[in-house]
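The values are calculated or read from the model by the stated rules, or taken from the named source; none is laboratory data. Everything numeric in this text was worked out from a predicted model, so none of it was measured. Heads up, the Cβs are rebuilt from the backbone with ideal geometry, glycines too, and the neighbour counts pull from every protein chain shown. Just so you know, the surface numbers come from the protein's heavy atoms only, side chains and all, with ligands and any DNA or RNA stripped out. Shrake-Rupley method; radii C 1.70, N 1.55, O 1.52, S 1.80 Å.
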Amino acid sequence: MSHEVIRQQLPLFDEDGRAGATDDEHGRDLHFLPDLPEEDPYAAGHRTCAGCGPAIQYRWVLKAAGNDTVVAGPTGCMYVANSTYLCTPYTVPWAHTPIASGGSFTSGMAAGYEAMIRKGRYPGPYPNILVMAGDGSAADIGLGSISGALYRNHDALFICYDNECYANTGIQVSPTTPYAGMTTFTPFGKAIPEGKKLPPKNLAKMMAEGHPHCYVATTTVGYPVDLMNKTRKGLNHVGAAFLHCYTPCQKGWVYQTSMTVELGRRVVESGLWPVWEYDPEQREYHYFHPPVQRPVTDYLAMQGRFGHMLPEHVAVMQVSANRNWQDIGMDVPRHLRDLENPERHQRLHDEEYSMPLNRGVGA
Ligand SMILES: Cc1ncc(C[n+]2csc(CCOP(=O)(O)OP(=O)(O)O)c2C)c(N)n1
Ligand code: SF4
Ligand SMILES: [Mg+2]
């Protein structure tokens, strides 16, 4: 006899908050008091760096997913720093996978649970199944296995926590490292003054365009409720879902540790990380239009990894941000258009509030 597979539906959080959001002078939400779950499947006591963006993501995602969850993590910081000396911070079942096989391992879990429930060997309901892979894993070494899982439409949520580098092995360049982002493999010097010449891979658009039957979204740790709701939407979606989350790496990017969440907002407000959702039913993109549009320097100058940039490099970044604004259907204000001109910039480390030059990254 075949048993029915019962799936959970997680309610979404109120975007406006319990007491309503309070705006700062730019119209951004300042204080926000949503009703958050008490369960915390990513408990305190892990060994990531202070201010680690991926650790913030892990906590919010697992809070949103709740206790009836199984989670996998391919090799990377969030495997190594979270599982030292046979300890883990997880209060739900967790498994490590090789860096290349987050997608195949997780699709195997999904198929296994379905089969066990159908055969009456697991009482159900179908658990929340998710994997959180770094950008080196999801955008590079393990891209094929995640794409395969999305294509086959296994009922699980595949998340890339994107710290824009191979952090765990010493901050090497990855396909999502931004243009001019300094890493140990893209140092700046006389021959290549910008450090990294290539633009970043657009992983989330690749996933949405290449697997149009899947729920796909982008978010950042600057918008916790958005991150939690997209986690729940991805889990509620019957079939495969992919979430691409921007997660600053304090050690690799060199910024003040308290600025992780602020960076998660400024990257959006400077047009460098469009936040959107792809609806597979309607086959449509829904773009978030932030209330503030800033020059890219407001974002870049907070990080030592960009401190070597010359005026012409900053102008290149402004051009690509302006292109993003247009892509998401927002006007480009005159002052941002003017900043496409290198003469409107100085060397980034001469900006008033810039971080010290990042010469020892990963050391
Ligand atoms: C096939 C393979 N190649 C290389 C490594 C070495 N390695 C371990 S962690 C890591 C970095 C992973 O980067 P990412 O997925 O972005 O996660 P992060 O460390 O940034 O959190 C690498 C290259 C490995 N474990 N397996
Ligand atoms: S190196 Fe970066 S990603 Fe790794 S634990 Fe530290 S802050 Fe987090
Ligand atoms: Mg990484």
Roughly how many Å is it from the Cα centre of region 291-329 to that of region 213-251, as a whole number?
23
Where both residues lie in the chain, what percent of DSSP beta bridges are antiparallel, nearest 5?
30
Using protein chains only and a probe of 1.4 angstrom, how many square angstrom of Cys77 are accessible, to the nearest 10?
40
Ranked by GNM mean-square fluctuation in the chain (Cα springs under 10 Å), the top entry among Gly102, Gly134, Gly112 is Gly112
Reported to the nearest 10 Å², Ile6 has, with a 1.4 Å probe, an accessible area equal to 90
In sequence order, what are the phi-derived ³J(HN,Hα) couplings for region 117-133 according to the Karplus relation 6.51 cos²θ - 1.76 cosθ + 1.60 with θ = phi - 60°, rounded to whole Hz, with x for glycine and proline?
5, 4, 7, x, 9, 9, x, x, x, 4, x, 6, 10, 8, 10, 10, 10
Please list, in chain and number order, the residues 5+ apart from Tyr215 or on another chain whose amide H is under 5 Å from its amide H, with Hs placed from the backbone.
Phe242
Karplus-derived 3J(HN,Hα), 6.51/-1.76/1.60, for each residue of region 299-304, Hz, glycine and proline x
9, 5, 5, 7, 10, x
Surface accessible to a 1.4 Å probe, His3 within the full protein complex, Å²:
70
Multiply the residue separation of Arg344 and Tyr287 by 0.36 nm, subtract the distance between their alpha-carbon atoms, and state the gained length in nm to one decimal.
17.6 nm
Residues whose placed amide H lies under 5 Å from that of Glu39, excluding near-sequence neighbours
none
Return one number: the angle in degrees, 0 to 90 and rounded to the nearest 10, between the long axis of the Cα atoms of helix 143-152 and the longest principal axis of the Cα atoms of the chain.
50
Using mean Cβ contacts within 10 Å as the protection proxy, how do 267-273, 170-176, 207-213 order, highest first?
267-273, 170-176, 207-213
Spatially proximal lysines relative to Lys190 (Cα-Cα < 27 Å; intrachain offsets below 8 disregarded)
Lys201, Lys251
What are the residues whose amide H is under 5 Å from the amide H of Thr186, where those residues sit 5 or more places off or on another chain and H is modelled from the backbone?
Val173
For Ala208, the net charge from surrounding residues (Cβ-Cβ under 15 Å; K, R +1; D, E -1) works out to -1
Between 0 and 90 degrees, rounded to the nearest ten: what's the tilt of helix 224-236 against the longest Cα principal axis of the chain?
40
Residue by residue through region 195-206, what is 3J(HN,Hα) from phi via Karplus (6.51 cos²θ - 1.76 cosθ + 1.60, θ = phi - 60°)? Round to whole Hz and write x for glycine and proline.
x, 9, 8, 7, x, x, 5, 8, 5, 5, 5, 4
If you average the sequence gap of Cα pairs under 8 Å that are 6 or more apart and divide by the length of the chain, what percent do you get for the contact order?
16
Just subtract the alpha-carbon distance of Thr84 and Phe185 from 0.36 nm times their residue separation and send over the number in nm, one decimal.
33.7 nm
Fraction of accessible area attributable to carbon and sulfur, the chain (%, probe 1.4 Å)
53
Which whole-number value in Å² is the accessible area per residue of region 111-262, probe 1.4 Å?
34
Full extension from Arg28 to Arg121: what is 0.36 nm times the residue separation minus their Cα-Cα distance, to one decimal in nm?
28.5 nm
Taking Asp35, Asp338, Asp162 and ranking on accessible area (1.4 Å, protein atoms only), highest first, one gets Asp35, Asp338, Asp162
In nanometres, what is the gap between the two model label sites at Cys49 and Ile6, each 7 Å from Cα along Cα-to-Cβ?
4.6
What is the Cα centroid distance between region 111-142 and region 160-192, reported in whole angstrom?
30
